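Participant: I'd like to ask you about the structure that follows.
Each value in this text was obtained by applying a stated rule to the coordinates, not by laboratory testing. Given the structure is predicted, the values throughout are model-derived calculations rather than measurements. Here the Cβ positions follow ideal geometry from the backbone for every residue, glycine too, while neighbour counts run over all protein chains shown.
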Amino acid sequence: MNDPLALRASAEKEAARLPALLARAEHLAGAVLLGAHGRRRAGTGDDFWQYRPAQIGDSRRTIDYRRSAMGDTEFVREREWQIAQSVMLWVDQGASMRFASSDALPDKIGRARTLGLALAILLNRGGECVGLTGTALPPRAGRPQIMALAEMFCRDDTADYAPPEHRAMIPHARAVFISDFMGDIDGVRLALTKAADRGVRGVLCHVLDPSEEAFPFTGRTIFQSMGGTLSHETLKANDLRDRYLQRLAERKAELASLCTLTGWRYGVHHTDASAQAGLLWLYGALDARGAGVAA
Amino acid sequence: MMVLGGIGFTAPWLLLALAALPVLWLVLRAVPPAPVKRRFPGVALLLGLKDDESVSDRTPWWLLLLRTLAVAAIILGLAGPVLNPEAEQAEGSGPLLFVLDGTWAGATRWSQQQETIEAQLTRAGRLGRPVGFLTLTRPETPVFQSADVWQTRLAGLRPAPWQPGADMIATATEALSGSGDFDTLWFSDSLEYEGRDAMLDVLQARGSVEAYQTAANVFAILPATYADGAVNLRVLRAVSGPARDIMVQAQGRDPAGNARILAAAPARFEEGAAQADVSLVLPSELRARITRFDVAGQRSAGASTLTDDGLRRREVALISARENREGLELLSPLHYIEQALAPTADLIDGTLTDVLPANPDVIVLADIATLSPAEAAPLSEWIEGGGMLVRFAGPRIAASDISRIDEDPLMPVRLRAGGRSVGGAMSWGEPKTLSAFSNGSPFYGLHIPDDVTVSAQVVAQPDPTLAERVIASLGDGTPLVTRKNVGQGQIVLFHVTATAEWSTLPLSGLFVEMLERLAVSSSAASADAGALEGTVWTPQRVLDGFGALSDAGTLPGVDGPALVTQPVGPALPPGLYASGERRLARNVLGADATLAPVVWPLDVPVRGMAVAPEQPVAGWLLSLAILLLLADVVVSLSLSGRLLSRSNASASVVLAAMLLATPQAEAQTAEETFALSATTELVLAHVITGDPKVDEIAKAGLMGLSDTLFFRTSVEPSNPLSVNLETDELAFFPILYWPVTPNQPTPSAEAYVKLNDYLRSGGLILFDTRDGDVADFGASSPNGRKLQQLAAPLDIPALEPVPADHVLTRTFYLLQDFPGRHNARDVWVEAADPGAEQIEGMPFRNLNDGVTPVVIGGNDWAAAWAVNSGGGPMLPVGRGYSGERQREIAYRFGVNLVMHVLTGNYKSDQVHVPALLDRLGQ
């Protein structure tokens, strides 16, 4: 992009999309109440955790004299261990995500980006470090990171089905994969096993369009992938329905079993359901898992 | 063109393509419907799935049939099918002669004949035959030329308003003698005439003859005659077929001078009859304006007949003895007869000697007993020449000895001396009434009013001839009107005066009707050759073959006897001829003419002109193909699942709507909108004056009054409207406020009709001259003068200033003043019944009449009522508190006025309340 005019135009276009995505994500995130986010153990942090009798080795500076003055024992005031978690997002930017079965529904990629960014905003408010998988945008805290994320989310991928990015995973971090998982499942398997190797736990969010679940097609049809690389012709589409649904169910089951193996959480989100529900589930899944990991 | 099964094809070779249809069937059957392309991310999951062999999707047979039919329709349509293909005729060769009758009988179907000739010319041109023309009504030596030369001259052919005479046939025969052999197409006008057979023989000697004639009947009308007060017309038809009604129209000029149909009557041909009679009974005034009679739907000279002197207004000379009684108009012996005759006759005044040379149709002598021999002799001569003498009796005749011993030549009967008087102060008996008119009387059938009485008369002597001369008599059998015929004329005697002195007859309508009967039956003498000897008649207007009149131009004059004896022809075109003041119509058909249909010998083929025209049906077939293909689109879409899928649902709905629905626009007209806005609620309205300031104040004033009514009373008007008198309906408004400006336009006559209807149906107009501060009521100001001018055509009763006990003073508020922005006392309403009297003890008179139709004043009420958009007063009234008080009274006047309009005299009826309560025992 050496042409400054084209650069400017594309920048303007992207900038025009950003606020909408951000606003939707902020709006969505605002609806989730941030609950307790402690690590449930003593450590560095701001919140009081417990008083414990001073032991040998405790610095005298750590003795809480107000508490100790109540009795003869010296107490140390411990604070809860509060540590920022790193969460890595991967939102499928592939062409297959740019599909919506009707004008009334958002396309899958829009929903995925909204969910991902909203989750990022939530985590960001909770003080976590949020970033992307891979090396493009490592996890960082702070408000500017949201802007950077939003910008990254606005980049479409030209590939029909994008495999999950599995490089440069931070050990023991957390990961969120949002995709329709229509592509080759080997990429997902590779990413998940690699993540499991590094102790990364996370959530798979399977975003599907209702028509992908219902397959409401009849007649002679040529099905083409969004990028046009794959196509399949049938004389009677309605006859394929059962077999397609079976394959979809198999795909879901495979993903679920993969998650079970690697300790991830698996969930399906439909674009005709409310984004709120998807976000709540994502947040809850991430939080519960995180607690488990921390324990 | 090839004809298959009655249908011709212009491109029959294309039909071979129909053989390809089975192939098409097979091909279509093999090719499944075109696939739908869909973007679908789930295709990754579909990869590798195979269709079952058994479900491979073939096009259903009925869809194949649909498409095959569509293709077949296209093939048939392109092959150029033609219904009613023109039958092939013998081609022939050599010269071709077109013989035309060219008479008035073909004029009605002239354009059809022209088309047929043109078609035959085209055909002759295609075959390269030279063509000649011979019109029998205007015979000339035929010149054989190529057909396209004649094509250009075809429009110049015109039918003649006469039939071919013997001389014309002779000329035609002679003209043909020089040419060689030829074939003939004879375009006949369906009427037989003398010499036609001879002509046919001449033509058949040269070659074959084919005849063309229309199947339509020929109608003609004979000259109108007059008998017994009716115009008698006879319509003829050439072929007597089933019963049929034909309208006969009387054409003439209306009083404004425009040509129009003055009367029409149906003439009924009975089954098998070739003639139909119709009588038109018309008011003489109307009859006198008729210029011609036409057979409706026919356009030929024979189907119209011109009228002449026979229908003109009668000339009546009125002569009385007493001429010098100025100022006593009603006692003039001729007053009533003048009144009766003036609308329908031309009256001539003067002495008898002056009048006779003018040759009037009728001479009326009112109570003239004796005539000098110098007068009597020419009078007798005039009567014998067809004149009609009407005499009225009177004191002079009663006192004279005329017709006493011997019958006077100028009297119909002998008279007894002195006459008689019945029912007078000095005589016995009652005044006599008339007996019903007998069957032979010209008055037969007239209704006799009961109030016609005769108190004095002259009495006829009984004579052997008396009975046949009486045409009206009294109830006791005494003759009242007697008549005798002298030569071609007649003498009528009324045995009473022409004034109301002796009887009430001249006062009644019967008198007029009797005079009309008498005057009408004295028609102009029919012209015969002897009477026209020595006269020269110049044509003024002549008829062409189509029956249209045109100026005669420089056509030469015609000798009188020839005018009535010679047949019409080029030398004597039918039309109106004039000699001096006399006008005579020479019509195409004489009084005894008949029509005979032409009969062709067996060896002459006869073709009609009204063959069913060739009708190409290619368009229909191609349309059918398009419809089938449209159906195929819908069916294919539904088969492939695209018709009812979610994304296409709306499109298919639109498609179906376009295919099936016929859009029906329901536009509410401006009139309906106006009517709705005016009638949904009670609405006050003002008349648009054209002065924007005045209109604005008027509307604002009515707004203020509407608000006041809304706040204070149960009348809750909607927003006021402005009314255009020319275009808007007035009946919706109970009251119209009409501010008067000096330069507003005067409404049109139609608007005045509307206004008068409005006033008669209970509407009220409040006229406001708005000059109460400077002018009194009347024409003293420009507005007042304008008001007089505006209101002059309105149906307004007598007015009076509002009396103190007028119901307007108490319909809601008790008022005695009616101020607006000005406070003048002059407010005028309909005058009360002068008989209304105030009952003792009652506060006001008992005035139970309707709502006054107008209220007229100059107090500029609207200005006092007017409110601005904020609801505050728009214009100041007076000064300070008293000004506001005046505005309040102005509002109260408005409330009272609207209450008066809406409740009528209800408050006036309140006067009865005490009596009613008393009667109810309260």
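Participant: Is there a simple number for the mean count of other chain Cβ atoms within 10 Å of the Cβ of residues in A:96-108, and what is it?
Facilitator: Averaged over the peptide's residues, the number is 2.
Participant: While we're here: Just counting partner chain Cβ atoms within 10 Å, what average do the residues of peptide A:169-182 show around their Cβ?
Facilitator: Mean partner-chain Cβ count within 10 Å for A:169-182: 1.
Participant: Taking θ as phi - 60°, what are the ³J(HN,Hα) couplings along region B:230-239 by the Karplus curve (6.51, -1.76, 1.60), each to the nearest whole Hz, with x for Gly and Pro?
Facilitator: Residue by residue, region B:230-239 yields 10, 8, 9, 10, 10, 10, 10, 9, 6, 10 Hz.
Participant: To continue, here is another question. Going by average Cβ density within 10 Å per residue, which order do the peptides B:707-714, B:362-369, B:804-811 take, highest to lowest?
Facilitator: The peptides rank, most packed first, as B:362-369, B:804-811, B:707-714.
Participant: Here is a further query. Assigning unit charges at the beta carbon (Lys, Arg +1; Asp, Glu -1) and nothing else, what dipole magnitude in debye, to the nearest 20, does region B:682-797 show about its Cα centre?
Facilitator: 140 debye
Participant: In addition: Counting helices only, and only those DSSP H runs with n ≥ 4, report the 222 nm mean residue ellipticity of chain B as the sum of -39,500 (n - 2.57) divided by its residues, in deg cm²/dmol to the nearest 500.
Facilitator: -8500 deg cm²/dmol
Participant: Hey, rough spin-label estimate for residue B:198 and residue B:794, points 7 angstrom out along Cα→Cβ, what's it come to in nanometres?
Facilitator: The two pseudo-label positions are separated by 8.2 nm.
Participant: About the Cα centre of region B:763-819, what is the dipole size in debye to 20, counting +1 per Lys and Arg Cβ and -1 per Asp and Glu Cβ, all else neutral?
Facilitator: In debye, rounded to 20, region B:763-819 gives about 160.
Participant: Moving on to the next point. Using label points projected 7 Å from each Cα along Cα→Cβ, tell me how many nm separate residue B:813 and residue B:205, to one decimal.
Facilitator: Simple spin-label model gives 11.1 nm for this pair.
Participant: Looking at the square roots a ≥ b ≥ c of the eigenvalues of the Cα gyration tensor of region B:95-239, which shape do they give, rounded for a/c under 1.5, prolate if a/b is larger than b/c, or oblate?
Facilitator: Taking the square roots of the gyration eigenvalues as a ≥ b ≥ c, region B:95-239 is prolate.
Participant: Right, next: Which lysines does residue B:693 reach when only Cα atoms under 21 Å apart count, and residues fewer than 8 places away in its own chain are ignored?
Facilitator: Once the sequence-local lysines are set aside, what remains near residue B:693 is B:786.
Participant: Something else now. Compare the peptides B:243-255, B:692-704 by average per-residue count of other Cβ atoms within 10 angstrom and give them in order, highest first.
Facilitator: Highest mean packing first, the order is B:692-704, B:243-255.
Participant: While we're looking at this one, here's another question. So how far apart, in nm, are the two label points at residue A:72 and residue B:351 if each is 7 Å from Cα heading toward Cβ?
Facilitator: According to this spin-label approximation, the distance is 18.0 nm.
Participant: I'd like to compare A:152-163, B:550-561: which one has the highest average count of other Cβ atoms within 10 Å, and what's the full order after that?
Facilitator: Descending mean neighbour count gives A:152-163, B:550-561.
Participant: Cross-link candidates for residue A:108: which lysines have Cα within less than 24 Å, leaving aside residues fewer than 8 places away along the same chain?
Facilitator: The reachable lysines, counting only those whose Cα sits under 24 Å from residue A:108, are A:13, A:252, B:37.
Participant: Under the definition of partner shielding as Cβ atoms of other protein chains within 10 Å of a residue Cβ, what is the mean value for peptide A:239-249?
Facilitator: 3
Participant: Another question about this same structure. If amide hydrogens are placed 1.01 Å from N in the peptide plane, which non-local residues have theirs closer than 5 Å to the one on residue B:209?
Facilitator: B:184
Participant: Further, regarding this structure: Give the residue from B:364, B:376, B:386 lying farthest towards the positive end of the charge dipole for region B:353-412; charges sit on Cβ (+1 for Lys and Arg, -1 for Asp and Glu) and the dipole is referred to the Cα centre.
Facilitator: So the residue furthest toward the plus end is B:364.
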